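The numbers here are math on the coordinates, done by the rules we state, and not lab data. Note that the structure is predicted; figures quoted are calculated from it, not measured. Note that each Cβ is placed from the backbone with ideal geometry, even for glycine, and that neighbours are counted across all protein chains shown.
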Amino acid sequence: MPDSAQLHDDACRRGVSGYIDPVSGLYVMTSLYLRNRGFCCGNACRHCPYVGTAGEHPDRAGNLHGRGTGQR
């Protein structure tokens, strides 16, 4: 069974928005999809491309990753 990193890479190569995690059974969105969406939803997505090194959204000072409003 492929691991989540392999599934993520495969989904990105195929240009699909996500994949089913083999352990949890949950749908996981790819970093490509999340980047193209254009903003951080604040739900601590596994492949969020907006997480800064301090765990903050780089465009909004003080918006801790996982505690956003889900709005732009």
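Taking Cβ atoms as reference points and 14 Å as the exclusive limit, the residues near Gly15 contribute a net charge of +1, counting Lys and Arg as +1 and Asp and Glu as -1.
Quick check: residue separation of Ala44 and Ala5 times 0.36 nm, minus the Cα distance between them. What number comes out in nm?
Result for the pair: 12.3 nm of gain on full extension.
Taking packing as the residue-averaged number of other Cβ atoms within 10 angstrom, the listed peptides 25-31, 12-18 run from highest to lowest as 25-31, 12-18.
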